[in-house]
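Undergrad: Here you go, one structure.
The values are calculated or read from the model by the stated rules, or taken from the named source; none is laboratory data. Just so it is clear, the model here is predicted, and its values are computed rather than measured. Quick reminder, even Gly has a Cβ in these numbers, built from the backbone with ideal geometry, and neighbours come from all protein chains shown. Ligands, DNA and RNA are stripped out before the accessible areas are found, and what is left, the full protein with its side chains, is counted by its heavy atoms. Shrake-Rupley method; radii C 1.70, N 1.55, O 1.52, S 1.80 Å.
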Amino acid sequence: MISISEAATALKSGALVAFPTETVYGLGADATNRAAVARIYEVKGRPSKHPLIVHLASVDALQIWASRIPEYAHQLALTFWPGPMTLVLPRTDLAGDFVTGGQETVALRIPDHPTALELLQSFQSLGGLGVAAPSANRFGRVSPTSSAHVRSELAPHLGQNDVILEGSAPRVGIESTIIDCTGRAPSILRPGFITEEMVSEFTGLAPTKNPHAPRVSGSMKSHYAPAATVDLNQVPLAGDGLIALAEVETPAGVIRLGAPKSLSEYASSLYAALRNADELGISRVVAITPEGSGLALAIRDRLEKASYR
Ligand code: TXA
Ligand code: MG
């Protein structure tokens, strides 16, 4: 098996490295290498105008990628990094159009996962400045939460020098919270484990809705979708799959795909449950969405996108 430092060397030489984070698996490339980044789009089958998140080894690297960092963004970075939060900031010249999709902003994140952090630090010690990484799935599909998911979906598209790293399972299971930090107050573009309540508690600012919100591919209506049809909050029929909190009973003939006992377990097991439906050849999944704010809101966001058609 390839070591993390060998994977960092591969990254530095322009190869792609899929790696686990605390949210989902990412498909990484040297964020300053145009050709390597172009291959991410090829492997994912993703439209080239969709911007990528640049993953950093430490908060010090913020200044080289972001040109203007409001006080509240500094506060968020110091409070929640490493962690499941991405900050969108005005870019420096280092952030090329090929990473930002031509936007004047760049998305930055320090993940909280031992394998990801070791990879990023090892890459930095080789002179690397940042690792551009979207979720390691084909465009529009469910994000991977295991190396097996990555392999089954991307292996046919990867090259000889590309690497899939093993590591402990993502503990959060859904993608990072994306926060636009270009305005006077933070604005949440994609909900996640770091909630609006947490953002306002630590910044003293109420998150706003940004009328000029930049483009977020995860904000397109159909996304995170399995091959199966996903219906929300309906009565499952015999042969359907069911994802719901454990307290919800399974009707006769229905295949239980997920029975999480908490919201955090709902989030961390959701994508594996959706993939499982496809593996079992189930054509319709019914999901009973959790109620409330915070993480429940993020889970509903992903389920609504999975159900859109
Ligand atoms: O948890 C995560 O964020 C994972 C792990 C691998 O870090 N990454 C991830 O990447 O979910 P991706 O590419 O699947 O989703 C990143 C989202 C996209 O919806 C993209 O549009 C948005 O971030 N994004 C990137 N740069 C942006 C920018 N400058 N302004 C607004 N949105 C941006
Ligand atoms: Mg994605």
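Undergrad: Distance in nm between label sites at K261 and N233, each 7 Å beyond Cα in the beta-carbon direction?
TA: Each label point is offset 7 Å from its Cα along the Cβ direction, giving 2.7 nm.
Undergrad: I would also like to ask the following. Given a cut-off of under 8 Å on Cα pairs at least six residues apart, what relative contact order in percent is computed for the stretch 231-305?
TA: It comes to 36 percent, rounded to a whole number.
Undergrad: Identify which of P114, P191, P134 has the largest mean-square fluctuation in a Gaussian network model of the chain, with springs joining Cα atoms closer than 10 Å.
TA: Highest fluctuation of the listed residues: P114.
Undergrad: Can you give the net charge of the other residues whose Cβ lies under 14 Å from the Cβ of V150, counting K and R as +1 and D and E as -1?
TA: +2
Undergrad: Counting only heavy atoms of protein chains, what accessible area per residue, in Å², does the stretch 172-309 have with a probe of 1.4 Å?
TA: That works out to 46 Å² per residue.
Undergrad: Rounded to a whole number, what % of the accessible area of the stretch 236-309 do carbon and sulfur atoms account for, probe 1.4 Å?
TA: On the way: 1790 of 3390 Å².
For the stretch 236-309, the apolar C and S fraction of the accessible surface comes to 53 percent.
Undergrad: Just to confirm my numbers, what's the Cα centroid distance between the stretch 1-17 and the stretch 249-307 in Å?
TA: Each part reduced to its Cα centre gives a spacing of 34 Å.
Undergrad: Rounded to the nearest whole Å², what accessible area per residue is found for the stretch 25-164 with the 1.4 Å probe?
TA: Heavy-atom accessible area per residue stands at 37 Å².
Undergrad: Run the numbers for V59 and H157: contour at 0.36 nm per residue of separation, minus the present Cα-Cα distance, in nm. Before the final figure, lay out the partial values.
TA: Numbers: separation 98, 0.36 × 98 = 35.28 nm, distance 3.32 nm.
Full extension from V59 to H157 adds 32.0 nm.
Undergrad: Give the calculated FRET efficiency between A246 and E291 to the nearest 0.05, with a Förster radius of 25 Å applied to their Cβ-Cβ distance.
TA: 0.95
Undergrad: Need one word for the stretch 1-144: rounded, prolate or oblate. Basis is the Cα gyration tensor (sqrt eigenvalues a ≥ b ≥ c); a/c below 1.5 gives rounded, then a/b vs b/c decides.
TA: Numbers: a/c = 1.40, a/b = 1.16, b/c = 1.20.
Cα axes put the stretch 1-144 in the rounded bin.
Undergrad: By how many degrees, 0 to 90 and rounded to 10, does the Cα axis of helix 295-307 deviate from the longest principal axis of the chain?
TA: It works out to around 70 degrees.
Undergrad: Ignoring ligands, DNA and RNA, what percent of the accessible area of the stretch 10-49 is carbon or sulfur (1.4 Å)?
TA: 49
Undergrad: Report the Cα-based extents of the stretch 139-274 along its three principal axes, largest first, to the nearest Å.
TA: Its Cα atoms span 53, 46, 28 Å along the three principal axes.
Undergrad: Same structure again: If I compute solvent accessible area with a 1.4 Å probe over the protein chains, what percent of it on the stretch 91-193 is carbon and sulfur?
TA: Carbon and sulfur together cover 48 percent of it.
Undergrad: Another question, then. Under 5 Å between amide hydrogens, which residues at least 5 positions from I194 or on another chain qualify, with H placed 1.01 Å from N in the peptide plane?
TA: T177
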